[in-house]
1. Please report, as a whole percent, how much of the solvent-accessible surface of the chain comes from carbon and sulfur atoms (probe radius 1.4 Å).
2. Considering lysine pairs in the chain that are 8 or more places apart or on different chains, how many have Cα atoms under 19 Å apart?
3. Among 58-67, 18-27, how do they line up by average Cβ neighbours within 10 Å per residue, starting with the highest?
4. Can you tell me how much longer the chain between TRP25 and LEU68 gets when fully stretched, taken as 0.36 nm per residue apart minus their C-alpha distance, in nm with one decimal?
5. Return one number: the angle in degrees, 0 to 90 and rounded to the nearest 10, between the long axis of the Cα atoms of helix 20-29 and the longest principal axis of the Cα atoms of the chain.
6. Which of TRP25, PHE8, LEU45 sits closest to the plus end of the dipole of the chain, meaning its Cα is farthest towards the positive end, when Lys and Arg get +1 and Asp and Glu get -1 on the C-beta?
7. Could you tell me which of rounded, prolate or oblate describes the chain, using a ≥ b ≥ c as the square roots of the eigenvalues of the alpha-carbon gyration tensor, with rounded for a/c under 1.5 and, failing that, prolate when a/b is larger than b/c and oblate otherwise?
8. For the chain, what is the accessible area per residue in Å², given a 1.4 Å probe and the full set of protein chains?
Amino acid sequence: MKLAKFIFSKNLPFNVVEDDYFKDWLKEMRPSYTPPSRKVIAGPLLSQVYKEIKAEVQEELKDEEVVLMQDGWSTTQNHPIIAHSVS
C-alpha cells in the first residue's frame, strides 16, 4: 500500500514496478519482497487509496462551506492541464 501511495503521490507511471532497475534496487534492499504488478496498482490498490482519501476529505470538510476552484493552461508541448482546489 505504501509503494502504491508513493507512486500515486509522485504521478509515476504504474509500470515503474516492472522496470529492471527498480526490481534490482528492491532485491538489493529486501530480497524476499515482490512488488505488486502494475495491474494490481492500477486496480485494487488505486481503488482502496481513493476510498481512504475520499473518506478523509469528507470528514475534514464535514460541516464546512467550501468553494471549488478550477484553472487550466497548456504545457510547453501544448498538453492541457487542469487543476482543481478547494478553499
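1. 55
2. 18
3. 18-27, 58-67
4. Full-extension gain reported as 11.4 nm.
5. 80
6. TRP25
7. Verdict is oblate for the chain.
8. That works out to 86 Å² per residue.
The values are calculated or read from the model by the stated rules, or taken from the named source; none is laboratory data. Nothing here was measured: the structure is a model prediction, and the numbers come from that model. All Cβ positions, even for glycine, are placed from backbone atoms using ideal geometry, and neighbour counts span all protein chains on display. When the accessible area is computed, the model is the full protein with side chains, heavy atoms only, and any ligands, DNA or RNA have been set aside. Shrake-Rupley method; radii C 1.70, N 1.55, O 1.52, S 1.80 Å.
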